[in-house]
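Report on one structure; see the data block that follows.
The values are calculated or read from the model by the stated rules, or taken from the named source; none is laboratory data. Values in this document were obtained by computation on a predicted structure and should not be read as measured data. Quick reminder, even Gly has a Cβ in these numbers, built from the backbone with ideal geometry, and neighbours come from all protein chains shown.
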Amino acid sequence: MGQSRTSLRSSAKGAIVTLVLVSMLNVMGGAAVAPALPAMSQAFPDSSETTVSLIITLPSLAVAICGLFVGMVADCIGKARTLIASLAVFTLAGLSGLFLPTLELILVGRFIMGIGIAGIATSSAALVAERFDDNTRAKMYGWQSAASGISVLVLETTGVCFPLSGGESRFSSTSLVWCFWLWQSC
């Protein structure tokens with residue numbers, strides 16, 4: 001019986017860590033690339049600054065448009081499956097900026113990344129609501145908010161400290177977060 005309680009506690013701790021970490025990804029739509037906008041403007045000199053700034057706003061637009069639909073998908077196929085699929089979409093679309101040759105294709109990738117963010121936000125909030133009692137749920141939402149704030153601070157600071165031409169470091173930061181999440185989940 002002692003082993004089952006230990007494994008239950010370990011499982012709950014793993015779920016808590018995972019759900020807090022994925023909440024950090026919600027802010028990566030804008031915070032990770034915001035410091036790179038001047039470099040991206042230089043990398044795409046034929047594009048207006050307004051068009052380049054869509055790199056920040058398109059993920060939020062995708063969240064606003066697709067959030068409800070992603071919630072319905074989560075209800076149909078399961079919240080955990082939706083979270084995993086959304087993490088994959090987020091990662092692939094986020095990394096697309098490393099190899100896509102035109103700003104227009106990068107903008108499409110950023111919109112698709114926003115769909116992944118919508119799935120992450122929706123399914124992680126639903127998993128917290130579904131799997132934790134009232135007291136733990138309130139703490140979880142607080143920890144998720146704190147983690148989001150910390151991730152903005154870290155992303156903005158590292159974005160200024162480690163600039164690469166064209167903003168490639170901002171796109172590769174997605175892969176670092178994804179690898180850390182996988183490490184924590186195993």
ask   = Is segment 14-31 home to any residue that is among the hydroxyl-bearing types (Ser, Thr, Tyr), touching a residue at least 12 places away in the same chain (Cβ under 8 Å), surrounded by 14 or more Cβ atoms within 10 Å (Cβ to Cβ) and in contact with a Gly (Cβ under 9 Å, 6 or more places away or on another chain)?
value = no
task = Taking LEU92 as the residue in question, decide whether it is aliphatic (A, V, I, L, M) and over 24 Å from ARG81 (Cα atoms).
result = no
query = Would you say PHE44 is surrounded by fewer than 14 Cβ atoms within 10 Å (Cβ to Cβ), of a type in the set (Phe, Trp, Tyr) and without any contact (Cβ under 8 Å) to a residue 60 or more places away in the chain?
reply = no
request  = Would you be able to tell me the number of residues in segment 89-126 that are part of a helix (DSSP H, G or I) and farther than 21 Å from GLY30 by Cβ?
outcome  = 1
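Determine whether SER86 is crowded, with 16+ Cβ neighbours inside 10 Å, modelled with pLDDT of 90 or more and either in contact with a Phe, Trp or Tyr (Cβ under 8 Å, 6 or more places away or on another chain) or under 12 Å from SER23 (Cα atoms) (or both). Steps first, please.
Numbers: crowded, with 16+ Cβ neighbours inside 10 Å: yes; modelled with pLDDT of 90 or more: yes; either in contact with a Phe, Trp or Tyr (Cβ under 8 Å, 6 or more places away or on another chain) or under 12 Å from SER23 (Cα atoms) (or both): no.
Spelling it out, it is not the case that SER86 is crowded, with 16+ Cβ neighbours inside 10 Å, modelled with pLDDT of 90 or more and either in contact with a Phe, Trp or Tyr (Cβ under 8 Å, 6 or more places away or on another chain) or under 12 Å from SER23 (Cα atoms) (or both).
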ask   = Just one of the numbered conditions (1) at pLDDT 90 or above; (2) touching a Pro at 6+ places or on another chain (Cβ under 6 Å) is not true of GLY29; which one?
value = (1)
request  = Of the conditions (1) within 13 Å of ALA62 (Cα to Cα); (2) out of contact with any Leu (no Cβ under 6 Å at 6 or more places or on another chain), PHE111 clears all except one; give me its number.
outcome  = (2)
task = Would you check if there is a residue in segment 15-36 being more than 19 Å from the chain's Cα centre (by Cα) and in a helix (DSSP H, G or I)?
result = no
ask   = Which number in (1) at pLDDT 75 or above; (2) within 22 Å of GLY67 (Cβ to Cβ) marks the one condition that VAL177 misses?
value = (1)
